[in-house]
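Trainee: Let me give you the structure first, and then I'll get to my questions.
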Amino acid sequence: MLSASGPRAGTLSAMCGIIGYAGRPDAVAGISAGGHGALDVVMEGLRRLEYRGYDSAGVAVLTPLGIEYRKKSGKLANLVAELAAAPLTPATTGIGHTRWATHGGPTDENAHPHLADNGRLAVIHNGIIENFAELKAELLDAGAEFVSETDTEVAAALLASIYRGDGDADLAKSMQLACQQLEGAFTLLAVHTDSPGTVVAARRNSPLVVGLGEGENFLGSDVSGFIDFTRRAVELGQDQVVTITPDTVAITDFYGEPAVGTEFHVNWDAAAAEKGGYDSFMEKEINDQPQAVGDTLLGRSDVDGRLTLDELRVSPEELKNVNKIMVLACGTSAYAGQVAKYAIEHWCRLPVEVELSHEFRYRDPIVDSNTLVVAISQSGETMDTLMAVRYAKEQGAKILAICNTNGSTIPRESDAVLYTHAGPEIAVASTKAFLAQITAAYLLGLYLAQIRGNKFQGEIKDILADLAKVPDKIQQVLDNSGQIKELAQLMKDTRSVLFLGRHVGFPVAMEGALKLKELAYIHAEGFAAGELKHGPIALIEEGQPVFVVVPSPRGRDSLHAKVVSNIQEIRARGAKTIVIAEEGDDAVKAYAEHVFYVPETPTLLAPLLTTVPLQIFACELASAKGFDVDQPRNLAKSVTVE
Ligand code: F6R
């Protein structure tokens, strides 16, 4: 449930935390005499924003002598140690960043800030700049030099080149012009030695809020960045540039036209602010899913519009010769693999096996140099999957990782990597990482279809266009979640729930059951709907709740009809049927106690929508029982033991 004022639009995306500060020397908020001014404010903000990214962190301050900065890979504590070892000159203007890597691993070099204009400009960034490869090529031609692998350094170099050209050495104007050239999702903050006391920022498809103080102003990815100092905030609109000084806040669009933001009062406490106003990280992460899927789709094409992977240490020729895919993963990630199987087999005409990592090693699996092992792991550290990967590698298999944690062990030991861009997942039970994994697996299927020539470029484009519509459709499911929450509240004393699905709905059913077990400690099982008559139907008795994930009636006729008859079979035996179906599927109404509709989408992509009501149901029911949904009993986020 949401707290009083509810979460605010545009403040929910995770992936990097950003803070900016401009204060008068006499007004550095909340800092006791003898404090360090901007640095203290920025570090406090980063501490609050660390949940948004924790693989590296950095700060830059504007001093009378120029820009000084420190950045360090690893947790914020590493930056704190670095600052203690090499202190910065006191300052009243600064920016800070806590990173969740997308482009480039979590190294000191790739950490933000990135400098340009001979060290006179410092930039930090949250998001993904889709056309960074083209921009980088142009900037390299023009003589720019790069020391990192990041898209952020490209934005910094672009800003610097505009600043010295059409931008007339005006930082705000240069930011507007730079943003006109950038594609994708970004929040950018910049300071320049020519503009003391000033931070210029911009946003597109990525969050940024302004905090209003007395003689000082703040910028943050969300209000938790400055909640210790002020509760007056301004939400920026899409495609806006904001310039803050200690006494002024000026907003324009990307073309310099004055704009206004929406002022609001923050009535959350600091803990709620980190959760974007939600009661739990789980709830926030369920609501982050449009962004997680959208970001995972961003920046995947090269200059010729062909799909690319993040890291490829194996030749496309070798990938072409693959004759079998073996997905290795555990838990929710394995269910993502099962969804992927349907899509990859269909698109690439390649056999796909999905195996639990811990089972794989203890039989005699048949893998060789023509096998592509796809290791799916949110954390990239799951010991069972890591060991399975090492074993498969010894047998000569090529390894491709789908992972949410840049630079973690599994992608490091793999031949190719496709990162999910869900941002850090804090709640122990996986939600947004699952949808991002499915999205990445679809991208992998399309990539393989592209290099193997199974699909024409136009067909791939059409599927990508369908995928691009999914984030908005997930949002619709989230916006219509009131009914499923009510049902969860009503069912809080239920002792057992079954889940049925067929085709891609089967892994969705198993994921729905797993979420309910993990969060609400209720007996729950997911079955293939066709398997029912082979045994599980004996479980059905009067009042037994059964969720049924129904395939689209627009897809293969037989599939829909079969599931509808499964519903009839269990209903006739007293089951209370709760159906997840596609909008317009009126046929199911007659057999369902409750129907929850999701928007129309191609059958293979449907799990990205049908999973969401099941996550919401589990989260709401567990909350109604008074359980801690972020840290369910007996579970750990990253299972680093076998
Ligand atoms: C369930 C869940 C787990 C993980 C599994 C694998 O909600 O989170 O089942 O999916 O432990 O973890 P990763 O993906 O980090 O390898």
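The values are calculated or read from the model by the stated rules, or taken from the named source; none is laboratory data. What you are looking at is a predicted structure, and each value in this text was computed from that prediction instead of being measured. Cβ sites come from the backbone with ideal geometry, for glycine too, and all protein chains shown count toward neighbours. Keep in mind that these areas ignore ligands, DNA and RNA; they rest on the heavy atoms of the full protein, side chains included. Shrake-Rupley method; radii C 1.70, N 1.55, O 1.52, S 1.80 Å.
Trainee: Looking only at region 505-521, which residues are open to solvent by less than 10 Å² (accessible area, probe 1.4 Å) and either touching a residue at least 24 places away in the same chain (Cβ under 8 Å) or in contact with a Pro (Cβ under 9 Å, 6 or more places away or on another chain) (or both)? So that I can check it myself, show each step before the final result.
Mentor: Narrowing region 505-521 to residues open to solvent by less than 10 Å² (accessible area, probe 1.4 Å): 505, 507-509, 511-513, 515-516, 519-520.
Gly505, Pro507, Val508, Ala509, Glu511, Gly512, Lys515, Leu516, Leu519, Ala520, listed by residue number.
Trainee: Can you name the number of the only condition in (1) open to solvent by less than 10 Å² (accessible area, probe 1.4 Å); (2) within 29 Å of Tyr391 (Cβ to Cβ) that Thr409 fails?
Mentor: Of (1) open to solvent by less than 10 Å² (accessible area, probe 1.4 Å); (2) within 29 Å of Tyr391 (Cβ to Cβ), only one is false for Thr409: (1).
Trainee: From the list Asn118, Asn110, which residue is of a type in the set (S, T, N, Q) and free of Cβ contacts under 8 Å to residues at least 40 places away in the same chain? Can you show your working first?
Mentor: Working: Asn110 fails: free of Cβ contacts under 8 Å to residues at least 40 places away in the same chain.
Only one candidate qualifies: Asn118.
Every residue, every condition in (1) within 16 Å of the ligand (Cβ to nearest atom); (2) touching a Cys at 6+ places or on another chain (Cβ under 7 Å); (3) in contact (Cβ under 8 Å) with a residue 12 or more places away in the chain, yes or no:
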{"position": "Ile426", "(1), (2), (3)": "yes, no, yes"}
{"position": "Gln437", "(1), (2), (3)": "yes, no, yes"}
{"position": "Leu448", "(1), (2), (3)": "no, yes, yes"}
{"position": "Lys455", "(1), (2), (3)": "no, no, yes"}
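Trainee: Tell me the strands (runs of 3 or more DSSP E) entirely within region 93-187 that contain at least 2 residues that are out of contact with any Phe, Trp or Tyr (no Cβ under 9 Å at 6 or more places or on another chain).
Mentor: Working: elements: 93-99, 114-116, 121-129.
Filter on region 93-187 gives 121-129.
Trainee: Hey, among Ala468, Ala427, which residue is open to solvent by 20 Å² or more (accessible area, probe 1.4 Å) and among the hydrophobic types (A, V, I, L, M, F, W, C)?
Mentor: Being open to solvent by 20 Å² or more (accessible area, probe 1.4 Å) and among the hydrophobic types (A, V, I, L, M, F, W, C) holds for just one of Ala468, Ala427, which is Ala468.
Results for (1) surrounded by fewer than 24 Cβ atoms within 10 Å (Cβ to Cβ); (2) in contact with a helix residue (DSSP H, G or I) (Cβ under 8 Å, 6 or more places away or on another chain), shown as yes or no for each residue.
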position	(1), (2)
Tyr54	yes, yes
Val59	no, yes
Thr63	yes, no
Gly66	yes, no
Lys75	yes, yes
Ala91	no, yes
His103	yes, yes
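Trainee: Can you tell me which residue within region 172-194, out of those that are among the small types (Gly, Ala, Ser) and within 21 Å of the chain's Cα centre (by Cα), is surrounded by the most Cβ atoms within 10 Å (Cβ to Cβ)? Steps first, answer last, please.
Mentor: Initial filter on region 172-194 (among the small types (Gly, Ala, Ser)): 172, 174, 178, 184-185, 190.
From what's left, within 21 Å of the chain's Cα centre (by Cα): 184-185.
Working: Gly184: 17, Ala185: 24.
Ranking the qualifying residues of region 172-194, first place goes to Ala185.
Trainee: Anything in region 303-325 that is assigned to a helix (DSSP H, G or I) and open to solvent by less than 20 Å² (accessible area, probe 1.4 Å)? List them, or say none. Give the steps one after another, and end with the answer.
Mentor: Taking region 303-325 as the starting set, the residues that turn out to be assigned to a helix (DSSP H, G or I) are 316-320.
Across region 303-325, the qualifying residue is only Leu319.
Trainee: Mind checking whether some residue in region 133-152 is in contact with a strand residue (DSSP E or B) (Cβ under 6 Å, 6 or more places away or on another chain) and open to solvent by less than 10 Å² (accessible area, probe 1.4 Å)? Reasoning before the result, please.
Mentor: As a first pass, look at region 133-152 and keep what is in contact with a strand residue (DSSP E or B) (Cβ under 6 Å, 6 or more places away or on another chain): 151-152.
Now drop any that are not open to solvent by less than 10 Å² (accessible area, probe 1.4 Å), which leaves 151-152.
Checked region 133-152: at least one residue is in contact with a strand residue (DSSP E or B) (Cβ under 6 Å, 6 or more places away or on another chain) and open to solvent by less than 10 Å² (accessible area, probe 1.4 Å).
Trainee: Do you know which residues across region 614-634 are assigned to a loop (DSSP other than H, G, I, E, B) and of a type outside the set (Gly, Ala, Ser)?
Mentor: Of the residues in region 614-634, the ones assigned to a loop (DSSP other than H, G, I, E, B) are 625-634.
Those that are assigned to a loop (DSSP other than H, G, I, E, B) and of a type outside the set (Gly, Ala, Ser): Lys625, Phe627, Asp628, Val629, Asp630, Gln631, Pro632, Arg633, Asn634.
This table checks each residue for (1) surrounded by fewer than 24 Cβ atoms within 10 Å (Cβ to Cβ); (2) among the polar types (S, T, N, Q).
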| site | (1), (2) |
| --- | --- |
| Tyr597 | yes, no |
| Glu600 | yes, no |
| Leu605 | yes, no |
| Leu614 | no, no |
| Phe617 | no, no |
| Ser623 | yes, yes |
| Phe627 | yes, no |
| Asn634 | yes, yes |
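Trainee: Can Val352 be described as aliphatic (A, V, I, L, M), more than 11 Å from the ligand (Cβ to nearest atom), within 24 Å of Ser315 (Cβ to Cβ) and surrounded by fewer than 24 Cβ atoms within 10 Å (Cβ to Cβ)?
Mentor: Working: aliphatic (A, V, I, L, M): yes; more than 11 Å from the ligand (Cβ to nearest atom): yes; within 24 Å of Ser315 (Cβ to Cβ): yes; surrounded by fewer than 24 Cβ atoms within 10 Å (Cβ to Cβ): yes.
Here the answer is yes, as Val352 does meet what is asked.
Trainee: Also, I was wondering about something else. Of the residues that make up region 7-20, is at least one modelled with pLDDT of 90 or more and open to solvent by 20 Å² or more (accessible area, probe 1.4 Å)?
Mentor: No, region 7-20 contains no residue that is modelled with pLDDT of 90 or more and open to solvent by 20 Å² or more (accessible area, probe 1.4 Å).
Trainee: A further question on this structure: Give me the pairs, please: first residue somewhere in region 373-401 and more than 13 Å from the ligand (Cβ to nearest atom) and charged (D, E, K, R), second residue anywhere and assigned to a helix (DSSP H, G or I) and open to solvent by less than 20 Å² (accessible area, probe 1.4 Å), beta-carbon distance under 8 Å, and either six or more positions apart or on two chains.
Mentor: Hits for this filter: Lys398/Leu319.
Here's the yes/no breakdown for (1) hydroxyl-bearing (Ser, Thr, Tyr); (2) over 23 Å from Glu183 (Cβ atoms):
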{"site": "Lys71", "(1), (2)": "no, yes"}
{"site": "Thr89", "(1), (2)": "yes, yes"}
{"site": "His97", "(1), (2)": "no, no"}
{"site": "Ile124", "(1), (2)": "no, no"}
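Trainee: Does region 289-308 include one or more residues that are out of contact with any Leu (no Cβ under 7 Å at 6 or more places or on another chain) and within 15 Å of the ligand (Cβ to nearest atom)? It would help to see each step written out before you state the result.
Mentor: Taking region 289-308 first, the residues out of contact with any Leu (no Cβ under 7 Å at 6 or more places or on another chain) are 290, 294-296, 298-299, 302-306, 308.
Narrowing the set further to residues that are within 15 Å of the ligand (Cβ to nearest atom) leaves 296.
Taking every residue of region 289-308 in turn, at least one turns out to be out of contact with any Leu (no Cβ under 7 Å at 6 or more places or on another chain) and within 15 Å of the ligand (Cβ to nearest atom).
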